[in-house]
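All of the numbers you see were taken from the coordinates with simple rules; none came from a lab. Keep in mind it's a predicted model, so treat the numbers as computed, not measured. Here Cβ is always computed from backbone atoms with ideal geometry, including for glycine, and neighbour counts include all displayed protein chains.
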There are 6 protein chains.
Amino acid sequence: MRICVINPNSSSSVTDHIRHTLEAIKREDTELCVINPEHGPVSIESAYDEALATPPTLELVKWANEEGFDAIVLACFSDPGLDAAKEISDIPVVGIEEATLHMAAMLGHKFSIMTGMRRRIPTREWHVAHRGLESSYASSPALEMSVLEMDSDPVTAKARIMEKARKAVEEDRAEVIILGCAGLAGYSADIERELGVVVLDPTSVAFKVAEAMADLGLHHSKAGRFSYPPKKEIK
Amino acid sequence: MRICVINPNSSSSVTDHIRHTLEAIKREDTELCVINPEHGPVSIESAYDEALATPPTLELVKWANEEGFDAIVLACFSDPGLDAAKEISDIPVVGIEEATLHMAAMLGHKFSIMTGMRRRIPTREWHVAHRGLESSYASSPALEMSVLEMDSDPVTAKARIMEKARKAVEEDRAEVIILGCAGLAGYSADIERELGVVVLDPTSVAFKVAEAMADLGLHHSKAGRFSYPPKKEIK
Amino acid sequence: MRICVINPNSSSSVTDHIRHTLEAIKREDTELCVINPEHGPVSIESAYDEALATPPTLELVKWANEEGFDAIVLACFSDPGLDAAKEISDIPVVGIEEATLHMAAMLGHKFSIMTGMRRRIPTREWHVAHRGLESSYASSPALEMSVLEMDSDPVTAKARIMEKARKAVEEDRAEVIILGCAGLAGYSADIERELGVVVLDPTSVAFKVAEAMADLGLHHSKAGRFSYPPKKEIK
Amino acid sequence: MRICVINPNSSSSVTDHIRHTLEAIKREDTELCVINPEHGPVSIESAYDEALATPPTLELVKWANEEGFDAIVLACFSDPGLDAAKEISDIPVVGIEEATLHMAAMLGHKFSIMTGMRRRIPTREWHVAHRGLESSYASSPALEMSVLEMDSDPVTAKARIMEKARKAVEEDRAEVIILGCAGLAGYSADIERELGVVVLDPTSVAFKVAEAMADLGLHHSKAGRFSYPPKKEIK
Amino acid sequence: MRICVINPNSSSSVTDHIRHTLEAIKREDTELCVINPEHGPVSIESAYDEALATPPTLELVKWANEEGFDAIVLACFSDPGLDAAKEISDIPVVGIEEATLHMAAMLGHKFSIMTGMRRRIPTREWHVAHRGLESSYASSPALEMSVLEMDSDPVTAKARIMEKARKAVEEDRAEVIILGCAGLAGYSADIERELGVVVLDPTSVAFKVAEAMADLGLHHSKAGRFSYPPKKEIK
Amino acid sequence: MRICVINPNSSSSVTDHIRHTLEAIKREDTELCVINPEHGPVSIESAYDEALATPPTLELVKWANEEGFDAIVLACFSDPGLDAAKEISDIPVVGIEEATLHMAAMLGHKFSIMTGMRRRIPTREWHVAHRGLESSYASSPALEMSVLEMDSDPVTAKARIMEKARKAVEEDRAEVIILGCAGLAGYSADIERELGVVVLDPTSVAFKVAEAMADLGLHHSKAGRFSYPPKKEIK
């Protein structure tokens, strides 16, 4: 099985971090490819960043289809361009937010999503609502650190995560904690042990869901929402 | 007052159609500018089209801010790039779908949205749900005509609209009909007369809402979801 | 264009306040008429007050139709009698709560509604829910002042509003503040400057929405919920 | 126990019909009083009718409190003035729609509400939604007969009810049928036998709920939404 | 009228407590039978307890049908086995949670449910959501006492209830307090007096609803969800 | 990895069918055990059947924990006893309905659930609603065949499935079809080819989700809803 993980931002250090995390959990017989677009924003922290990152990401989705991969993982927690990617792809495209929210809903009564900046809490809220999972949602504690800060200062990031997660568990009654940012891949085991709740690393969860989909030969339905885009002139 | 209407597709004939419609309803003292990006898809009928149309559209949003317009109207019914546009803009950005759905909810119990292709019905459904307006939603009758076909064959388009709208009124109990496609601007008066319901032309509605916002000196709140994107390197 | 603004309570000082506010924002060519019923409660702070205020208000709605106005604004934040008014009117009737909730939903992720008395918070909650806007709703901070107290002591009213609004922004993450009481018309500009969020004066918003509807020649759909009441004996 | 049933319309024949129905089901030791206001519309089929019927109905609510009744039933399926009645009453006020919707939700998966005119379907829909019972709601088949027609031609009314109810059961999967109109009191036993579903006569259901509340010494909470209206001048 | 109240746990002291409470409120002509299964858990505080208690409870439901009772009350606040009981019963089966949630929704804007252990709050939340009553729900304050502790130490239980209920009223704006545990039957009158809100004892409420259903000759609809189970081999 | 699949009914032929299906899709290094309780109903088609099947199923859940399996799959589409199983288990318990509904929501806009008997449609509806997935739900076409009939007459079952599924796709706009009954395991590949939509076999989907959870070392959160049941006397 060959899985292509696309980091939609243009930061190769984040890409390397993701690759490192997934190498440790992939099945032995799974071939892993982690890439990012050459162009576009170096991190994704706004709808504007998402908009700019999407076209080059979609080019990589096309490439992964042409190269014969069995599944694609979009490794940014906001799932930028996910619907468009599903339209143009014959193989399953798994958004890490999408897969993780559904997994979290099965593992506990309510989940909290650790997020980078306070300005992104509304995005978390409506993405949860869009999937109908409001009653499984506890809160989105904001770390008030950018993706790059988290990447460059993991000690502070971890401490901040612990403090915010504890509050989510005790006050918001979160039973599952989602690390809502691709840059945080890899912290989950330590944190779970200290807090006594389930902690989900979205990239890992989505990667395993992608393996499961590929095993089952699944793809997105082409009968409606994700049918191929009409052919047309692009000026 | 100066209002910039951006047609996010690259078809100048649609742009001309929009301009023609709005010239007839603008206030005398409102200065109207209708433009489209040079590059991008010639019509928007998929999430993929939306993704490609968004970056050049956002460039025009920046331009309209720099040029000192008082408000912007995004004239494509899927409101592509609306959130990103609000983030980067100091002046109000009015999506024609957004403004029309809210207006329709005030004018009758339920509305139906005439849409081009059956494949876009899911998009209509979740855009309505995203705004919480499910209980005001009757249906999305699909014309099964592309935007360009509607533009090139207005006689067939009108006949099809009438048939579908009648069914929406009688069977789905729609009290308001939304012409859910920028290419249809201008049909509303005739149809309303024949069907006895209120028909909304989204571009016209949004344009008047933009005038109202500008009169009130309103803009999007910069305190959260639509605050300015963090500055960063774009490779 | 001629717009009739009906203050449903019988307090002419509130009516004068509304007139003063709207004179400052109306379009030059709009003719403004602000009136109130002679009979009924002097303020509206309960469902009981609403019930008593509605029949005389509906008489004014009929009068405005007979006099050939182009639109009506109901200037009490609870929109008393709004559905009945739409049934008996040929011209658009704009409730200030209805128009403002929809406008607020377009301008930020969540809004808070400043309200007079704690006892009215449930009314705010179900009016928001009735329109499907729960996910855009942050809170209803209660000023614990009556409409008449706010009218007679504007200094205290403003201070109280500032304190409550600040809490709504910081704790409830409101991005838009609605001044949920006709008696507060006119405070919005000052408050917006101090708090950095968008503040909406419902009477002003609804008035501009009424102008927009009249420009578009819109009226409520007569095809269902707001069709004319059956003729019958009234004993 | 003494229960006051208020028919909010001014038709004494409907009042007599209600009295007849309830005499047959009241507990032996319950004293029954059924009254209607002298003034107001002779039937209630619009929001406008509701608005006019409410003030005289509220006068009767006050009277029933002064007379020492143990509970009040509002015997019109739209529950006109229910919130205001609860505010001004020390004894429980049971709306026949409110009580019946909640009872129906306990007795089957989905209920349908037989209603008089198609124009009232939206009212049924939002009253159901207001109580959160959408997932228990199947449909509102409209008889297209006025209350007075149903009262004057019971044979046609019954035939129409049977036809519409059968469709609700077979196509909309209604398991419970609500006779959504006070004028229909008394048909439930016959119809239930023929259709094999549960049929609820709202006036009867509400009357028994009122007896239950009175037995339990219950009243509406005065701690918030239904607290007494502030005292004030009524011009 | 003969009503069978089934306490689904195997604790006869709880059964006695329930009998004592209901003897005081039953109608003179109602014959009361309160029983519990011989086998199964002595209290019900988990989904596992519910699962074990259900089969022996269903045996008692069958017995009550055979004995010719007019209605059954299931006297455990989680309503274990309620759906199955309705399927196999010809007479109405009233769950004390189900009946009380619907009653509470009629008596105030929001209710809080006093519950035993924090671990049961999620159960309260989804039971409320299952009935569509989220907008009437304030909170579920946890007493952190087991049913048996509450039964053996009523003084502490009452003090704890008062503290938690006061917080629910002042902070969560509960207008109605539900004593969400069969073991608490009997405290409601005292507490209501001290707190100024309505307090519901679920067993009492459900018992009176059962009397009302029996008076009306009601039963669960057998047309769908609660039709008789298909006959089959039980190994 | 060792996965224990529990068929909650007592029919060994269904168990064999499940084993046959899963043998074909399991990873080479996964050890598969498929079992059923000795006692209980031979099929599960009512809440009553679920109630009787649950206690012996929970015994098998305990056994699988003691035997050191890595994950459990509950192979009945109604997920009987799922919450209780999660409480008493240290290893993940995957309900086939739960896993499949979440998977379906990722693969298309709306899904339909093929179900056996019309009487089970309400169960499908509230299980979907319980997970918040109403907006992804198209319909539950009923085959009107029992589990045992489907098992004994696969030709008729397949034909019926095709007819019902086609209607779901064309009229209800289902993009994904779920075979909502363990007895149907194995039909998915053929049907998908003929209908052009994605067809999900719930047992297969849940099995792969269980493998994914085991790979990730996931288990249900023990911090709240699924914490261990309090120890107590079981009479």
*asked:* From the phi angles alone, apply the Karplus equation (6.51, -1.76, 1.60; θ = phi - 60°) to the stretch B:218-235 and give each ³J(HN,Hα) in whole Hz, x where the residue is Gly or Pro.
replied: 7, 8, 5, 5, 9, 8, x, 3, 10, 5, 4, x, x, 5, 6, 6, 10, 6
*Of the DSSP beta bridges with both residues in the protein assembly as shown, give the percent that are antiparallel, rounding to the nearest 5.*
5 percent
*Based on the Cα atoms of the stretch E:63-192, what semi-axes does the equivalent ellipsoid have, where each is the square root of 5 times one gyration tensor eigenvalue, given in whole Å with the largest first?*
26, 18, 13
*Against the longest alpha carbon principal axis of chain D, how many degrees, from 0 to 90 and to the nearest 10, is the axis of helix D:12-23 turned?*
80 degrees
*Note the distances from F:R166 to each other copy's matching label point, with points 7 Å along the Cα-to-beta-carbon direction, in nm, sorted shortest first.*
2.9, 2.9, 6.3, 7.0, 7.0
*Taking GluC sites (Glu not before Pro) that fall in a DSSP loop and have at most 15 other Cβ atoms within 10 Å as cut points, what is the longest piece of chain F between them?*
F:145-232
*asked:* Need one number: convex hull volume per residue for the stretch B:179-235, Cα atoms only, in Å³.
replied: 155 Å³
*Using the 7 Å Cα-to-Cβ label point, sort the distances from E:M1 to its equivalents in the other copies shortest first and give them in nm to one decimal.*
0.8, 5.7, 6.0, 6.1, 6.4
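Can you give the helix-only mean residue ellipticity at 222 nm for chain A, where every DSSP H stretch with n ≥ 4 adds -39500 (n - 2.57) and the sum goes over all residues, rounded to the nearest 500 deg cm²/dmol?
Values: 9 runs with 108 residues, N = 235.
Taking each H run of at least 4 residues, the total per residue is -14500 deg cm²/dmol.
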*Counting only C-alpha contacts under 8 Å and six or more residues apart, can you give the relative contact order of chain A as a whole percent?*
23 percent
*May I ask you to give the average projected area over all directions of the convex hull of the Cα atoms of the protein assembly as shown, in nm² rounded to one decimal?*
46.6 nm²
*3J(HN,Hα) from dihedral phi, the stretch A:207-215, Karplus parametrisation 6.51/-1.76/1.60, rounded to Hz, x for glycine, proline*: 4, 5, 5, 5, 4, 4, 4, 5, 4
_Theoretical FRET efficiency, 1/(1+(r/R0)^6), r = Cβ-Cβ of C:E163 and B:K231, R0 35 Å, to 0.05_ = 0.55
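Magnitude of the Cβ-charge dipole of the stretch F:98-202, K/R +1 and D/E -1, about the Cα centre, nearest 20 debye?
220 debye
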*For E:K235, list long-range residues whose amide hydrogen, built 1.01 Å from N in the peptide plane, is under 5 Å from its own amide hydrogen.*
F:G40, F:V42
*Could you please state, rounded to a whole Å, how far the C-alpha centre of the stretch A:90-166 is from the C-alpha centre of the stretch B:73-122?*
28 Å
_Test of understanding: ordering C:D201, A:D172, B:D83 by Cβ neighbours within 10 Å, fewest first, what list do you get?_
A:D172, B:D83, C:D201
*Along the charge dipole of the stretch E:98-202, Cβ charges K/R +1 and D/E -1, which of E:L148, E:S135, E:C181 sits furthest on the positive end?*
E:S135
*May I ask which residue of F:M117, F:A99, F:L200 lies farthest towards the positive end of the charge dipole of the stretch F:98-202, with charges of +1 (Lys, Arg) and -1 (Asp, Glu) on Cβ and the Cα centre as origin?*
F:M117
*Pull up all non-local amide H partners of D:F77: gap of 5 or more, or a different chain, and H-to-H distance under 5 Å with H placed in the peptide plane.*
D:A182
_Only counting other Cβ atoms within 10 Å, I'd like A:S204, E:S43 sorted with the fewest neighbours first._
E:S43, A:S204
*Selection from A:L60, A:W126, A:T15 lying farthest towards where the dipole of chain A points positive, charges on Cβ*: A:W126
*Running Debye on chain C with equal point scatterers at the Cα sites and no solvent, what base-10 log of I(q)/I(0) appears at q = 0.12, 0.15 Å⁻¹?*
-0.62, -0.99
*Using a cut-off of 15 Å between beta-carbons, work out the net charge of the residues near B:K232 (Lys and Arg +1, Asp and Glu -1, B:K232 not included).*
-3
*Can you sort A:T21, E:T115 by how many other beta carbons sit within 10 Å, fewest first?*
A:T21, E:T115
*Give, rounded to the nearest 20 debye, the magnitude of the charge dipole that the protein assembly as shown has about its Cα centre when Lys and Arg contribute +1 at Cβ and Asp and Glu contribute -1 at Cβ.*
0 debye
*Add +1 for every Lys or Arg and -1 for every Asp or Glu among the other residues with Cβ under 14 Å from the Cβ of D:G40, and state the total.*
-4
*Long-range amide H contacts for E:V5: which residues qualify at under 5 Å (H placed 1.01 Å from N, peptide plane, sequence gap of 5 or more or a different chain)?*
E:C33, E:V34, E:I35, E:V73
*Which of the residue pairs E:K208/E:K235; E:K222/F:K167; E:K164/E:K222; D:K232/E:K208 have a Cα-Cα distance greater than 30 Å in the structure shown?*
E:K208/E:K235; E:K164/E:K222; D:K232/E:K208
